[in-house]
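Reading through the structure tokens given below for one structure.
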Amino acid sequence: MRAVKVLIANRGEIAVRVIRACRELGYPTVAVYSEPDRSALHVVFADQAMPIGPAPSRDSYLRIDRILDAAKKSGADAIHPGYGFLAENAAFARACRDAGITFIGPSPESIEAMGSKTESRQRMQAAGVPVVPGLTKPVESFDEIHAFAKSAGLPIMIKASAGGGGKGMRLVEREEDLRSSYERVTSEAQSFFGDGSVYAEKFVPSPRHIEVQILGDQHGNLIHLGERECTLQRRHQKVVEECPSPVVDAELRERLGAMAVKAAAAVNYYSAGTIECLMGPDREFYFLEMNTRLQVEHPVTEMVWGVDLVKEQLRVARGEKLTLKQSDLKPAGHAIECRIYAEDPARKFAPSPGLIRYLNLPQGPGVRNENGVYAGYTVPVFYDPMLSKLVCHAATREDAINRMKRALAEYRVEGIETTIPFFSWIMDNADFRSANFDTGYIDRMLPQIDFAHAANDASVDAAVAAAAIIAFEESQQVQLPVGGEDSPWKRAGRVQAMRGRS
Ligand code: MV4
């Protein structure tokens, strides 16, 4: 079969991750880049790279016309959208289809069906998937919210129909707050999503966030790859993810998996996707929303289930049948992911962009880095500040936590602040170690954490050693990473990057 040329409509670590899968399958790759990303790692890694505009993502990574143009000019047959940007944009998936380019993801119809919370709730309910008790249509007036609150009882949550990921929602605990909350969510929904419609649900107290990975082909075959535990979040941003969940046993995993496959089948889903659930302390679970893309935290599932999700996406996009069988798939061991951000935990997680002067990634048994940066690279201010993901796999949860502690202690980033000390604190936290947390845990704990004291004594010695290494590095010429065979545009990129550093 002819090799497929794949354009990656993304940047950073996920673009690098997709390029690696393409290379293993023998597919040539095309990177796209905004002006400040000229010397970004994904550009260095790809076989070819196309500029798509200035720094703001709405003028580059969100420009459907420019990305399709780059695909046509470079002769790409397929586009992988990564996550974020255009990954869940049905119009983009449709524009690819219309241009005769394969979108490496689900159909535009599946994306659309899962894009609205009220429509997805309707379809899930009709398919027999448990949803949080509540309305399945946007309300026409405040009276409907009021009537729901009366019949279901407080507390309730008012949510934007077009919302997701924590934006445009509000908890209402007292009757006198109903109207102002309704008005607030309506106007937020209008300004965030250009769609002011809202609905209401019963509030699920102290929930955990559990999500189920599914994979389907274009022939109607669907499998699940178990759950991920994504409960630890800060302001609706996940910070630590695990596979499996410490509160899910084999029996519950089967039920969650069957529910997820049923949910995906109801929208004729293919490619990789995730069913997000809320789970109460009683372990009752409810469909929350479906993410119709590859997720940031997909590596923890890959390491435990032994499946390369990106390669599977590429095979499914070519029309191949899944060769994985549910009965052959068994989880093995435990994986944990920490998202390393260019943020300063000691300053309320303020952004910390700038030049990475020194970088030492942890290595050794069971350690996987999904890294998007290099020493000598300047982290731009324009995009999500995630630098890399550190993933550790071991036989048991306790071993994985200890391995993560060890890996975090090896990790060195100089020049900018990162969230590494925050993760060292979490890995030592007794509630984390005993898996005793809910979605509000981090935000409740933050005021008590002293990051200056979270650093251990060994890190002081290490800091002295790092300082000496930096002094040495600075006296040397820093080598940029090399992605593969040399080519003129890559040399040009390196020269440009060296200039940027002086
Ligand atoms: C809820 C909930 C409790 N009850 N819905 C937050 C993100 C959005 N996708 C849904 N969210 C929630 N919806 C009901 N009916 C609690 C949350 C919630 C949450 C959910 C998942 C992960 C972290 C969270 C943090 C705060 C609130």
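No value in this document is a laboratory result; all are computed from the given coordinates. Model, not experiment: these values are computed from the prediction. Because the Cβ atoms are built from the backbone with ideal geometry, glycine has one as well, and the counts that use them run over all protein chains shown.
Order 407-415, 230-238 from most to least packed using the mean count of other Cβ atoms within 10 Å. Walk me through the numbers before you get to the answer.
Working: 407-415: 19.8, 230-238: 18.2.
Final packing ranking: 407-415, 230-238.
What net charge do the residues around Val247 carry, taking every other residue with its C-beta under 10 Å from that of Val247, with Lys and Arg at +1 and Asp and Glu at -1?
-1
What nm distance separates the two modelled labels at Glu176 and Ala3, each placed 7 Å from Cα along Cα→Cβ?
Roughly 7.0 nm, to one decimal.
What are the ³J(HN,Hα) couplings of segment 335-347, residue after residue, when phi is run through the Karplus curve with 6.51, -1.76, 1.60 and θ = phi - 60°? Round to Hz, x for glycine and proline.
Residue by residue, segment 335-347 yields 10, 10, 10, 10, 8, 8, 10, 7, 9, 9, x, 6, 10 Hz.
I need Ile214, Ile426, Ile416 ordered by Cβ neighbour count within 10 Å, fewest first.
Ranked by crowding around the Cβ, least crowded first: Ile416, Ile214, Ile426.
Please turn the phi angles of segment 97-114 into ³J(HN,Hα) values with the Karplus equation 6.51 cos²θ - 1.76 cosθ + 1.60 (θ = phi - 60°), one per residue in order, whole Hz, x for glycine and proline.
Result, rounded to whole Hz: 4, 5, 8, x, 10, 6, 8, 7, x, x, 6, x, 5, 5, 4, 5, 4, 8.
Determine the relative contact order of segment 133-202: mean sequence separation of Cα pairs under 8 Å and six or more apart, normalised by residue count, in whole percent.
So the answer I get is 43 percent.
Can you tell me which lysines have their Cα less than 22 Å from the Cα of Lys159? Leave out same-chain residues fewer than eight positions away.
Straight-line reach from Lys159, under 22 Å: Lys117, Lys137, Lys150, Lys167, Lys202, Lys238.
Exactly which GluC sites (Glu not before Pro) in segment 105-165 are in a DSSP loop and have at most 14 other Cβ atoms within 10 Å?
Numbers: sites: Glu109, Glu112, Glu119, Glu140, Glu144; in loops: Glu140.
Filter output for segment 105-165: Glu140.
Ordered by residue, what ³J(HN,Hα) values in Hz, to whole numbers, does segment 298-308 give under the Karplus form 6.51 cos²θ - 1.76 cosθ + 1.60, where θ = phi - 60° and Gly and Pro are x?
4, x, 5, 5, 4, 6, 7, 9, x, 10, 8
Using 7 Å Cα-to-Cβ label points, what is the Glu251/Leu355 separation (nm, one decimal)?
My value for the distance between the label points is 6.1 nm.
With a cut-off of at most 16 other beta carbons within 10 Å, and DSSP calling the residue loop, which trypsin sites (Lys or Arg not before Pro) in segment 3-38 qualify? Please list them.
Those that pass, being in a loop and sparsely packed, are Arg38.
Based on Cα coordinates alone, diagonalise the gyration tensor for segment 133-202, multiply each eigenvalue by 5, take square roots, and list the semi-axes in whole Å, largest first.
Ellipsoid half-lengths, sorted descending, are 18, 11, 11 Å.
For a quick check: sort His334, His42 by the number of other beta carbons within 10 angstrom, fewest at the front.
His334, His42
Using per-residue counts of other Cβ atoms within 10 Å, averaged over each peptide, order 93-105, 171-183 from highest down.
Result, highest mean first: 93-105, 171-183.
Pull out the extension gain between Gln448 and Ala91, defined as 0.36 nm times the separation in residues minus the alpha carbon to alpha carbon distance; nm, one decimal. Walk me through the numbers on the way to the answer.
On the way: separation 357, 0.36 × 357 = 128.52 nm, distance 4.52 nm.
That pair, Gln448 and Ala91, stretches by 124.0 nm at full extension.
Can you give me the relative contact order of the chain as a percent, contacts being Cα pairs under 8 Å and 6 or more apart?
About 14 percent, as a whole number.
Work out how much length Lys73 to Ala258 would gain on full extension: take 0.36 nm times their residue separation and subtract the Cα-Cα distance, in nm to one decimal.
Between Lys73 and Ala258, full extension yields an extra 62.3 nm.
Sort out for me the Cα centre separation of segment 293-345 from segment 1-76, rounded to whole Å.
Cα centroid to Cα centroid, the span is 21 Å.
Calculated FRET efficiency, Ser141 and His236, Cβ-Cβ r, R0 41 Å, to nearest 0.05?
Rounded to the nearest 0.05, the efficiency is 0.90.
Multiply the residue gap between Ser434 and Arg283 by 0.36 nm, knock off their C-alpha separation, and tell me the result in nm, one decimal place.
Contour length minus the Cα-Cα distance gives 52.7 nm.
Which order do the peptides 383-391, 188-196 come out in when sorted by mean C-beta neighbours inside 10 angstrom, highest first?
Listed from highest to lowest mean packing, they are 383-391, 188-196.
Among Phe192, Gly153, Gly166, pick out the residue whose Cα is farthest towards the positive end of the charge dipole of segment 133-202, where Lys and Arg carry +1 and Asp and Glu carry -1 on C-beta, about the Cα centre.
After comparing all options, I get Gly166.
Give me, ordered by chain and number, the residues 5 or more places off Ala49 or on other chains with an amide H under 5 Å from its own placed amide H.
Hits under the 5 Å cutoff: Ala31.
Taking amide H positions as placed in the peptide plane 1.01 Å from N, state which residues far from Glu289 in sequence (5 or more) or on other chains have amide H under 5 Å from it.
The answer is Glu276.
Residues with amide H under 5 Å of Gly415's amide H, sequence separation 5 or more or different chain, H placed in the peptide plane at 1.01 Å from N; which?
Arg357
Run the helix sum for the chain: -39,500 (n - 2.57) per DSSP H stretch of 4+ residues, divided by residue count, reported at 222 nm to the nearest 500 deg cm²/dmol.
Helix-only estimate at 222 nm: -11000 deg cm²/dmol.
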